[in-house]
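The structure under discussion appears below in the form of structure tokens.
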């Protein structure tokens, strides 16, 4: 069972997405801000991270930069989630090291497709 | 709202909303969509599939609302704020240059003159440099020696040893055909854009913010003052350049008139009244040539070229006699007396000295009393040769002695020797003073009703370096 870390500050969004992912059979751990996300990635060693970009204390771009800069976490795929498709957000997310990118509202089949593709690629590399 | 520049897209297209408001509107909609889909999934899993179609309708309605929002509104470009909390205005400007410049450029385009030489890329570069300079100004400690000098208008050259960014901006605007009013409007727009965007990024205003704002306004005012000074300087310069070209073009036909008239006189075939009339053409064209030459010298000296000298051994007494002969020819009705004593020789540009003395003697003839002669004295004394030009007549008021050599000083009527010759631009005294100064000398003026008016020219015999 794949483990997903969801870093999201909005409580309802966190609740909604984690429940939908759990229904699809993923184990979900959550963090509510940037530093919490970085710490949880180290502590839980998730297979994939869903990272909201507008986070308090440390935004998603910077949190991703730190995760991708640390040997222990740099292999974990990160999918950026942004509230609305601002022009340039996608470039900024990829620049920060995110592996993929999705916008809210989440269309679950689309997001699941991205998650599965990244997990397959990461699993392939590790074998 | 009237103070702010219009949004970049004007009225067309989706209306801009602050990013936070756009976010706050979308978030509950995405939650309605997400939860209705989640509940539909759970209802189906729990065997309550009958609810699912209605829940999908809730989610579809949510998507429709989102689509409407996206169709009619868009988020303004996001503002960079430091995640760790408050930031300084200088840091804010640094982080949001592009957003500020985009707003400002949209405004600048609305006031660009029709048919002007506008280069939008250059315009933006200047604005960017201005913004950098202003941000740097914000970063300088307040009350430092440099700042206080700048606020008094003594700006150091901050950019590459040349003009400041603001000066470059003023020069560019003068060239592009902007009016001063349009340039001031640009600065207003820059100020308004920065303040509006900054205030929008602040949750609350602190005393440090107010301090920053005051300093920002001061920096904008300084830049504006520098731009205007450069703008007016450049405009003056182009006017004087025009005069210089005009003066040159005037002399060409004048030279032809004078040469032709002298040729006709030289044939000695003329009788009165033709002889007198052609002589008048020679005298008048010579005088006009003199005036045009003064005008050329005036513009050249104002353009920074100064008066050029070709020094050679010369006699002040000889120059004075030639000048007296020329003026007598032009004014046969007036008496001129010349007295010379002492050693009259020195290293001067004789043609220039002749021009200066002619201006002074003509001035004395035109403004002195017609009943008494104009007396010209030459006295050699040690290191200097002194030439005095004296005329009787009403005194020059004391209030006009100061600045008598300044052509910009108002000359309103009157008949004293401070007034320019009738019909002239009044440049004669100015040119005389420039020429004497170029020789390292000076001209003094004394005037009273009892004694008349005396201009005293002191000429060192040698250039300053050679003495």
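The values are calculated or read from the model by the stated rules, or taken from the named source; none is laboratory data. Predicted model only: the values in this text are computed from it and were never measured. Quick reminder, even Gly has a Cβ in these numbers, built from the backbone with ideal geometry, and neighbours come from all protein chains shown.
So the values come out like this:
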item	result
For residue B:83: the one exception among (1) more than 14 Å from chain A (Cβ to nearest Cβ); (2) in a loop (DSSP other than H, G, I, E, B); (3) at pLDDT below 80	(1)
Pairs with Cβ under 6 Å, 6+ apart, first in the range A:93-111 and under 16 Å from residue B:59 (Cα atoms) and within 9 Å of another protein chain (Cβ to nearest Cβ), second buried (at least 20 other Cβ atoms within 10 Å of the Cβ) and modelled with pLDDT under 80	A:104/A:83
Filter result for residue B:35 (in a helix (DSSP H, G or I), over 22 Å from residue A:55 (Cα atoms), touching a helix residue (DSSP H, G or I) at 6+ places or on another chain (Cβ under 9 Å) and modelled with pLDDT of 85 or more)	no
Residue match in the range A:7-15 (condition: at pLDDT 90 or above, crowded, with 17+ Cβ neighbours inside 10 Å and more than 13 Å from chain B (Cβ to nearest Cβ))	yes
Flag for residue B:428 being farther than 17 Å from residue B:376 by Cα, at pLDDT below 90 and buried (at least 21 other Cβ atoms within 10 Å of the Cβ)	yes
Some residue of the range A:18-31 being touching a strand residue (DSSP E or B) at 6+ places or on another chain (Cβ under 6 Å), within 13 Å of another protein chain (Cβ to nearest Cβ) and at pLDDT below 85	no
Condition met for residue B:317 (under 19 Å from residue B:436 (Cβ atoms), touching a strand residue (DSSP E or B) at 6+ places or on another chain (Cβ under 9 Å) and either modelled with pLDDT of 95 or more or assigned to a helix (DSSP H, G or I) (or both))	yes
Condition broken by residue A:56, with the remaining ones in (1) away from chain B (no Cβ under 14 Å); (2) surrounded by fewer than 19 Cβ atoms within 10 Å (Cβ to Cβ); (3) outside any helix (DSSP H, G or I) satisfied	(1)
Some residue of the range A:32-40 being within 12 Å of chain B (Cβ to nearest Cβ), free of Cβ contacts under 8 Å to residues at least 12 places away in the same chain, surrounded by 20 or more Cβ atoms within 10 Å (Cβ to Cβ) and under 24 Å from residue B:23 (Cα atoms)	no
Candidate set from the range A:59-94 (those that are within 20 Å of residue B:99 (Cα to Cα) and surrounded by fewer than 16 Cβ atoms within 10 Å (Cβ to Cβ)); member that is modelled with the highest pLDDT	A:91
Qualifying residue in the range B:445-457 (condition: modelled with pLDDT of 55 or more and part of a helix (DSSP H, G or I))	no
Subset of the range B:368-408 (residues that are touching a helix residue (DSSP H, G or I) at 6+ places or on another chain (Cβ under 7 Å), over 25 Å from residue B:298 (Cα atoms) and part of a loop (DSSP other than H, G, I, E, B))	B:393
Some residue of the range A:62-72 being in a loop (DSSP other than H, G, I, E, B) and closer than 14 Å to residue A:102 by Cα	no
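Residue-by-condition table, conditions (1) over 26 Å from residue B:329 (Cβ atoms); (2) at pLDDT 85 or above:
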site	(1), (2)
B:362	no, yes
B:367	no, yes
B:392	no, yes
B:404	yes, no
B:416	no, no
B:420	no, no
B:435	no, yes
B:467	yes, no
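Every residue, every condition in (1) within 22 Å of residue A:21 (Cβ to Cβ); (2) within 7 Å of chain A (Cβ to nearest Cβ); (3) surrounded by 15 or more Cβ atoms within 10 Å (Cβ to Cβ), yes or no:
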| position | (1), (2), (3) |
| --- | --- |
| B:23 | no, yes, yes |
| B:34 | yes, yes, yes |
| B:59 | yes, no, yes |
| B:64 | no, no, no |
